[in-house]
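Shown next, in structure tokens, is the structure this report addresses.
The values are calculated or read from the model by the stated rules, or taken from the named source; none is laboratory data. The model shown is predicted, which means the values in this text are computed figures rather than measured ones. When we count neighbours, we look across all protein chains shown, and the Cβ atoms used for this are built from the backbone with ideal geometry, even at glycine. Calculation scope for accessible area: heavy atoms of the full protein, side chains included, ligands and nucleic acids excluded. Shrake-Rupley method; radii C 1.70, N 1.55, O 1.52, S 1.80 Å.
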Amino acid sequence: MTTEPLITLLIVDDHPVVRDGLRGMFESASGSAPGSAPGSAPGFRVLGEAASGPEAVTRAAELDPDVILMDLRMPGGSGVAAIRELTRRGARAKVLVLTTYDTDSDTLPAIEAGATGYLLKDAPRDELFTAVRAAAEGRTVLSPAVASRLVRAVRTPAPGNEPLSTREREVLTLVARGTSNREIARELFISEATVKTHLTHLYTKLGAKDRAAAVAAAYDRGILG
């Protein structure tokens, strides 16, 4: 009979109740095998806990865990900053984010900082165990919601990177000459409402807030030479 290799853990969360719950999950009687060491479930051992990002970095250096379960928003120091520092130091531990937040402002920075995986705290116990094993092996683990967000982020051009249409370029060229919306409409044989629509699209694509900023961004990108 084969057994899962032992995976050591560091739990990072600013809420003691959450840390206790996670520790209890790995130490639960239903998951413990006869003769297993205290603080263990088959294949897992919790080495310690931390309540902030900076403490996580310190404890990781002391304990050298295989996997760090990392919360993101902690008053004492964010999880993203800790992940970035662990990556900078070349830490051996794989970081599996475990949080309640799945917004783009949370997921993308965490993955970019070096997190191996990203799960939400409502994940079932077995899913968490599977994710920890996968993370320990260096495999990426993402909750379905987070995976969908990342796919959308990859497929959606960032402001300033989406190409302009031929008509938008024509409008932009006239705007750069100081032409009013009414004059642009007359010259291009379109309505003023259509001109405003093109301008709105231009602002979005160039990441600009007004006509002047759009022109400046266009010159900076080489659209207007």
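Tabulated data for the structure shown
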read-out: Farthest positive-ward along the chain dipole, Cα basis, beta-carbon charges - from 118, 98, 60; value: 118
read-out: Percent RCO, i.e. relative contact order, over the chain, from Cα pairs under 8 Å lying at least 6 residues apart; value: 13 percent
read-out: Accessible area per residue in Å² at 1.4 Å probe, computed on the chain; value: 53 Å²
read-out: Beta bridges per DSSP with both ends in the chain, % antiparallel, nearest 5; value: 10 percent
read-out: Translational diffusion of the chain, µm² s⁻¹ [Kirkwood Rh, Cα pairs; Stokes-Einstein; 10 °C; 1.306 mPa s]; value: 77 µm²/s
read-out: Percentage of interatomic Cα-Cα distances in segment 166-221 larger than 19 Å; value: 16 percent
read-out: Karplus-derived HN-Hα couplings along segment 109-122 (A = 6.51, B = -1.76, C = 1.60, θ = phi - 60°), whole Hz, x at Gly and Pro; value: x, 5, 5, 5, 6, x, 5, 7, x, 8, 10, 9, 5, 8
read-out: Debye, to nearest 20: dipole size of the chain, +1 on Lys, Arg Cβ, -1 on Asp, Glu Cβ; value: 800 debye
read-out: Environment charge of residue 76, counting only residues whose C-beta is closer than 12 Å and scoring Lys/Arg +1, Asp/Glu -1; value: -3
read-out: Sulfur and carbon atoms: percent of accessible area, segment 64-195 [1.4 Å]; value: 50 percent
read-out: Among 186-193, 165-172, 15-22, 113-120, the order from most to least packed when residues are scored by Cβ within 10 Å on average; value: 113-120, 165-172, 15-22, 186-193
read-out: Whole-Hz ³J(HN,Hα) from phi, Karplus 6.51 cos²θ - 1.76 cosθ + 1.60, for segment 75-81, glycine and proline x; value: x, x, x, 5, x, 4, 4
